[in-house]
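Here is the structure we will look at.
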Amino acid sequence: MTRTKSLLKVPVVMVALALLYLGLIAGFSHNPYYMQILNMAAINTIMAVSLNLINGFTGQFSIGHAGFMGVGAYVAAVCSVFYKIPYLVALLCGALAAAVVGLVVGIPTLRLKGDYLAIATLGFAEIIRVIIVNIQKVGGPRGFLGIPPYTNLLWTYLFAVGTVVVISNFVNSSPGRACLAVREDEVAAESMGVNATKYKVIAFVMGAFFAGLGGGLLVHLLSIAHPTMFTFLKSVDFLIMIVVGGQGSITGSVTAASFITVISEALRKFEVWRMLAYSLVLIMIMLTRPQGLLGGKELTWEGIVNVPGRLRRFRLPKVGGGRVGTTGH
Amino acid sequence: MLEVKDLNVFYGGIHALKGITFSVREGQVVTLIGANGAGKSTTLRAISGLVKPRSGEITFMGQNLLQVPAHKIVSLGVSHVPEGRRIFANLTVLENLEMGAYTRKDKNLDEDLKRVFKRFPRLEERRRQVGGTLSGGEQQMLAIGRALMLKPKLLVMDEPSMGLAPLLVREIFSIIKEINEQGTTILLVEQNAHMALSIADYAYVLETGRIVTEGPAEELAKSESIRKAYLGH
């Protein structure tokens, strides 16, 4: 990719994103239910992409993402309601608080590996939830009501795009490479002179920051914050998104976050069978694409342009084969 | 260049290195040979800061390595080709090599990439292929190439012959000799004593955590007891 070509790409992508936004507004703004789904898709994108940085790119198994979301949500809500801090500043406060908590939690727990780290992050998220339940000032178990509904599609959309831009730039930067090296082989990374702990903590803190941002957006969208919104099951939702999208693929996370948000709403017509149908969809995806929809690859412009050529060469894929419309990173 | 003095390492209650002393002089190939469990890899792990010795000294170009954290030792110019190669399996050959230069301040990698590709033409052919799909010999070349990207003063190699066919072992060793002839000092740890002695200047024989014999590699290769114990003829 030449420099001029990539410089040209920026305005093209911006125009495309703006058109997409206008298209979404034109198509769905008449129906608040659809708008809500779009907002949730954008927030889930922020959550999935930020979790992917920790799990997919740095190879750490965190299942406490909802905990960071909760911290961001409540701090942002407190800023808005009690201190009347402007919306964007409140969101930033929530995100920073989540990042600080990420740092405090990350330094001791990132010495752990695999299952142990998973249990530690799970425990952390539960602690956050229990703390919230016991703070009467923010409603405790009744929930925190009366948060001004400042969030709209423009903000969720902008922040989702921003998150993707920041995290994909990070992944392709020198520290991002270090994170990839840690994921691939921690010992080899150390012997290349990569300070593994440092980069694990950086990824963890960045992930927590954006999770906190997502939390702030969410509570200003629903105008309520409730401890049950940030349970273990919520963390699992985000985990499902990155596994379905493909760990280590940002475009995969975006696709899966939107897809899962929409599909879980679309399945409402199955009523009591909804969760069963949802599980079936997930099982089907995992059976046919165990590496996730994009499986660590990115959806690129070049890949999309090449689709006709690839389709011509397309054979029936073996399980885990076939990668239409994607190219290597 | 590298001085190790009276090094003692324990794994829990197990006394793995019982006071070993050796040195590597600039421009040499020095080899540590010995059977499984003799303490060869432990010695290297101590040099690269991955295990903390209980007592002893390790100095590299006058600097005490025991006070330097593992990831900083690399930037002093000690580059490690780890046992079992440990290449980044999901990154391409090119990305693996770039990773090797991670701690370098200057980012003019093109020249060094050219140098590595000149030595390993096979890697250039496969620069876009992911590391995990290379053959064992190619992976070893990649691991060596990756370590060379750092322009090391001392190249530490742990069992480069491991898991390779005899023909490839010979090729890898002639490459190691070439690298040395172009000015890189090498500390080589091997079970394949025959090959190691054939390219080394000086050798130490380790047995259950102690150095039992040392001497110029040529002499050791001729010595009766060494031939019986390690060379099998």
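The values are calculated or read from the model by the stated rules, or taken from the named source; none is laboratory data. What you see is a predicted model, and the numbers here were worked out from it, not measured in a lab. Methodologically, a virtual Cβ is constructed for each residue, glycine included, from the backbone with ideal geometry; neighbour enumeration extends over all protein chains shown. SASA here: full protein model, heavy atoms, side chains in, ligands and nucleic acids out. Shrake-Rupley method; radii C 1.70, N 1.55, O 1.52, S 1.80 Å.
Among the candidates B:VAL212, B:VAL116, which residue alone is surrounded by fewer than 15 Cβ atoms within 10 Å (Cβ to Cβ) and either in contact with a Lys or Arg (Cβ under 6 Å, 6 or more places away or on another chain) or away from chain A (no Cβ under 14 Å) (or both)? Spell out how you get there, then give the answer.
Working: B:VAL116 fails: surrounded by fewer than 15 Cβ atoms within 10 Å (Cβ to Cβ).
The match here is B:VAL212.
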Worksheet entry | Pair list, Cβ under 8 Å, 6 or more apart: the stretch A:183-194 residue in contact (Cβ under 8 Å) with a residue 24 or more places away in the chain and within 7 Å of chain B (Cβ to nearest Cβ), other residue open to solvent by less than 10 Å² (accessible area, probe 1.4 Å) and not polar (S, T, N, Q) | A:GLU184/B:PHE88; A:GLU184/B:LEU91
Worksheet item: Hey, among A:THR197, A:THR288, which residue is open to solvent by 10 Å² or more (accessible area, probe 1.4 Å) and within 27 Å of B:ILE87 (Cα to Cα)?
Response: A:THR197
Worksheet item: Do we have B:VAL156 as among the β-branched types (Val, Ile, Thr) and either within 14 Å of chain A (Cβ to nearest Cβ) or assigned to a loop (DSSP other than H, G, I, E, B) (or both) here?
Response: yes
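The rows are residues; the columns are (1) closer than 24 Å to A:VAL182 by Cα; (2) open to solvent by 90 Å² or more (accessible area, probe 1.4 Å); (3) at pLDDT 95 or above.
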{"residue": "A:GLY94", "(1), (2), (3)": "no, no, yes"}
{"residue": "A:ALA97", "(1), (2), (3)": "no, no, yes"}
{"residue": "A:LEU103", "(1), (2), (3)": "yes, no, yes"}
{"residue": "A:PRO108", "(1), (2), (3)": "yes, no, no"}
{"residue": "A:ARG111", "(1), (2), (3)": "yes, yes, no"}
{"residue": "A:ILE119", "(1), (2), (3)": "yes, yes, no"}
{"residue": "A:LYS137", "(1), (2), (3)": "no, yes, no"}
{"residue": "A:GLY143", "(1), (2), (3)": "no, no, no"}
Worksheet entry | Scan of the stretch B:91-101 for residues that are buried (at least 24 other Cβ atoms within 10 Å of the Cβ) and of a type in the set (Val, Ile, Thr), ordered by number | B:VAL93
Worksheet item: Do you know which residues across the stretch A:154-176 are surrounded by 20 or more Cβ atoms within 10 Å (Cβ to Cβ) and within 12 Å of chain B (Cβ to nearest Cβ)?
Response: A:GLY176
Worksheet, complete the sentence: Subset of the stretch A:231-249, residues part of a loop (DSSP other than H, G, I, E, B) and more than 15 Å from A:PHE259 (Cβ to Cβ), comes to A:THR231, A:GLN247, A:GLY248
Discussion item. Among the residues of the stretch B:48-67, what is the count of those that are within 19 Å of A:GLU186 (Cβ to Cβ) and more than 10 Å from every other protein chain (Cβ to nearest Cβ)?
Written reply: 2
Item to complete: For residues that are assigned to a helix (DSSP H, G or I) and in contact with a Lys or Arg (Cβ under 9 Å, 6 or more places away or on another chain), scanning just the stretch A:64-86, find the one that is most open to solvent (accessible area, probe 1.4 Å).
Response: A:VAL78
Worksheet, complete the sentence: Within the stretch B:72-90, restricting to residues that are at the interface with chain A (Cβ under 7 Å from one of its Cβ atoms) and open to solvent by 40 Å² or more (accessible area, probe 1.4 Å), the one that is farthest from A:ALA181 (Cα to Cα) is B:SER75
